[in-house]
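Below is a structure I'd like to ask you about.
The values are calculated or read from the model by the stated rules, or taken from the named source; none is laboratory data. Small disclaimer: the values here were computed from a predicted structure and weren't measured. Cβ sites come from the backbone with ideal geometry, for glycine too, and all protein chains shown count toward neighbours. Ligands, DNA and RNA are stripped out before the accessible areas are found, and what is left, the full protein with its side chains, is counted by its heavy atoms. Shrake-Rupley method; radii C 1.70, N 1.55, O 1.52, S 1.80 Å.
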Amino acid sequence: MNKELMFALSNADAVACREGEVRSIMHAELDDIADAVEYDKLGSIMFKSAGTEENPVRILFTGHMDEAGFMVRYTSDIGMVHVIGVGGPRKNSVESQIVRIKTRSGEKVRGVLFAKRDTDGTPTDMYIDFGCETAEEVRELGIEIGDWGTFAAECELKPVSDILLGKAFDDRAGVYVVTEAMKRLANTPHAAELWFAGSSSEEVGCRGAQTAAAHLDADIVIPVDIANPPEFDRGWNNSRKNGHGPMIVHYDRMHVPNEKLLHFIVDTAEKNNIPFQRDLFKGGGTDAGTAHLVGDGKLATVIGVPLRYCHGSWSVMRGADLDAAVDLVCALATSIDRVTYEELKSFE
């Protein structure tokens with residue numbers, strides 16, 4: 001595991017359509033090895049690795065750059081800064097948490113997040129206490145309506161193993177995987193034309209992978225995302241166990257993968273002795289849900305990294321699962337050529 005990269009990605013702050021810090025990290029890691037760098041009009045960034053075939057299949061691997069966070073809605077006369085959630089911050093993580101708001105000048109101001117709750121315990125009004133007594137004091141901090149922020153956790157690696165603690169693993173884990181996969185493949189010939197992307201605005205409607213797929217006219221789209229398990233269940237009902245490899249997602253409410261592609265990914269993982277888990281989402285969805293509907297349809301499926309406490313102020317993840325996900329992306333990237341693609345997309 002590239003600890004330094006994972007730390008940098010986790011510690012960066014980026015909510016939907018405010019992903020500049022993550023884009024900058026991807027630039028620093030991939031500019032020198034990319035054959036081209038392109039953007040869609042939402043801010044998704046795409047790095048090209050050219051294929052060797054004359055008419056290569058175009059494959060898009062993507063992790064979304066945005067995280068669950070907050071946006072300033074208004075400031076009260078007594079200096080409390082009321083915020084809304086952007087991308088669904090975890091309900092039990094909005095009480096007595098340190099957060100940071102990024103002002104227009106780029107300065108980050110730390111405060112303590114609290115929430116009023118209804119009788120069922122659901123947050124109804126989130127607010128940040130910066131210690132101010134008036135709205136004017138808040139303005140002097142540079143905070144305005146529309147400023148955005150995130151939890152203020154700093155990523156760390158436990159000394160006893162490969163256990164990572166930090167924020168924004170959804171989906172900096174995916175960004176990490178596509179970034180490391182492209183670096184590993186820099187000197188490896190591959191038939192397909194590969195694109196490794198950081199997509200925008202997944203947490204507010206799975207938007208960026210759709211526009212990126214349209215921009216590239218990709219043939220295959222493989223988002224790398226995460227999934228949250230029941231933290232007390234280590235039995236058959238939990239197919240998202242930390243330390244057991246990435247999930248190959250067989251179903252969610254927005255997307256049912258092409259059967260041939262799904263079997264191809266499973267077979268590729270088994271052939272290369274890559275640990276994996278088979279997962280189905282009862283609800284929710286990922287970038288595959290919108291990206292596979294571009295044009296007359298795209299082959300798509302999702303690779304997921306298991307972690308606990310998704311969208312929380314802190315999450316828990318294993319480095320071995322990141323490594324296995326990188327292995328799987330690299331194996332797929334080097335296994336698909338034009339003949340394989342034509343077989344996968346055939347319904348005859």
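Over all directions, what mean area does the Cα convex hull of region 70-137 project, stated in square nanometres?
Its average projected convex-hull area is 4.8 nm².
Holding the Cα-Cα limit at 20 Å, pick out from Lys3/Lys158; Lys298/Lys345; Lys241/Lys282; Lys41/Lys345 the pairs that are longer than that.
From the list (Lys3/Lys158; Lys298/Lys345; Lys241/Lys282; Lys41/Lys345), the Cα-Cα distance tops 20 Å for Lys41/Lys345.
If one takes the longest principal axis of the Cα atoms in the chain, at what angle in degrees, from 0 to 90 and to the nearest 10, does the Cα axis of helix 169-184 lie?
40 degrees
Sort 258-268, 205-215 by the packing proxy (mean of other Cβ within 10 Å over each peptide's residues), most packed first.
Ranked from most to least packed, the peptides come out as 205-215, 258-268.
Now a separate question. If you take the alpha carbon radius of gyration of the chain and divide it by 2.2 N^0.38 Å, what ratio comes out, to two decimals?
This ratio for the chain stands at 1.00.
Where does region 25-136 land on the Kirkwood hydrodynamic radius, alpha-carbon pairs, in angstrom?
Answer for region 25-136: a Kirkwood hydrodynamic radius of 17.6 Å.
Starting from 0.36 nm per residue, how many nanometres of slack lie between Arg234 and Ile145 once their C-alpha separation is accounted for?
Numbers: separation 89, 0.36 × 89 = 32.04 nm, distance 4.39 nm.
Separation in residues times 0.36 nm, less the Cα-Cα distance, equals 27.7 nm.
Still on this structure, please answer the following. Helix 259-271 against the longest principal axis of the chain: what's the angle in degrees, Cα atoms only, rounded to the nearest 10?
90 degrees
Moving to a separate point now. At 1.4 Å probe size, with the rest of the protein present, what percent of the exposed accessible area of region 1-152 is carbon and sulfur atoms?
The C+S portion of the solvent-accessible surface of region 1-152 is 46 percent.
Can you bin every Cα-Cα distance in region 246-290 into 10 Å intervals starting at zero and give me the percent of pairs per bin, rounded to whole numbers?
27, 53, 19, 1
Another question, if that's okay. Along the charge dipole of the chain, which of Ala181, Gly79, Leu113 sits closest to the positive end, that is, farthest toward it, with unit charges on the beta carbon of Lys, Arg, Asp and Glu (+1, +1, -1, -1)?
Farthest towards the positive end: Leu113.
If we sort 306-317, 192-203 on the protection proxy, mean other Cβ atoms within 10 Å, highest first, what's the order?
192-203, 306-317
Still on this structure, please answer the following. What FRET efficiency would be calculated for the residue pair Lys282, Asp118, taking the C-beta separation as r and a Förster radius of 25 Å, to the nearest 0.05?
0.50
Counting only protein heavy atoms, what percent of the accessible surface of region 259-321 is carbon or sulfur at a 1.4 Å probe? Please report the intermediate quantities before stating the final value.
Working: 1360 of 2620 Å².
Accessible surface attributable to carbon and sulfur in region 259-321 totals 52 percent.
Measure nothing but the geometry: give the 0 to 90° angle between the long axis through the Cα atoms of 20-30 and the longest principal axis through the Cα atoms of the chain, rounded to 10°.
Rounded to the nearest ten degrees, it is 30.
Shape call for region 136-241 from the C-alpha gyration tensor, a ≥ b ≥ c root eigenvalues: rounded (a/c under 1.5), prolate (a/b greater than b/c) or oblate? Each step should come with its number before you reach the end.
Working: a/c = 1.81, a/b = 1.21, b/c = 1.50.
Oblate, since a/c reaches 1.5 and b/c is not below a/b.
What order, most packed first, do the peptides 236-245, 66-75, 173-182 have when packing is the mean number of other Cβ atoms within 10 Å of each residue?
173-182, 66-75, 236-245
Moving on. Write down the Å³ per residue value for the convex hull defined by the alpha carbon atoms of region 198-348.
Roughly 122 Å³ of hull volume per residue.
Rolling a 1.4 angstrom probe over the protein heavy atoms, how many square angstrom per residue are accessible across region 107-236?
42 Å²
Another question, if that's okay. Please calculate how many Å² of accessible area region 277-348 carries per residue, with a 1.4 Å probe and no DNA, RNA or ligand atoms counted.
Normalised by residue count, the accessible surface of region 277-348 is 38 Å².
Under Stokes-Einstein, with the Kirkwood radius over Cα pairs standing in for Rh, what whole-number D in µm²/s applies to region 192-243 at 25 °C and 0.890 mPa s?
Calculated translational D: 181 µm²/s.
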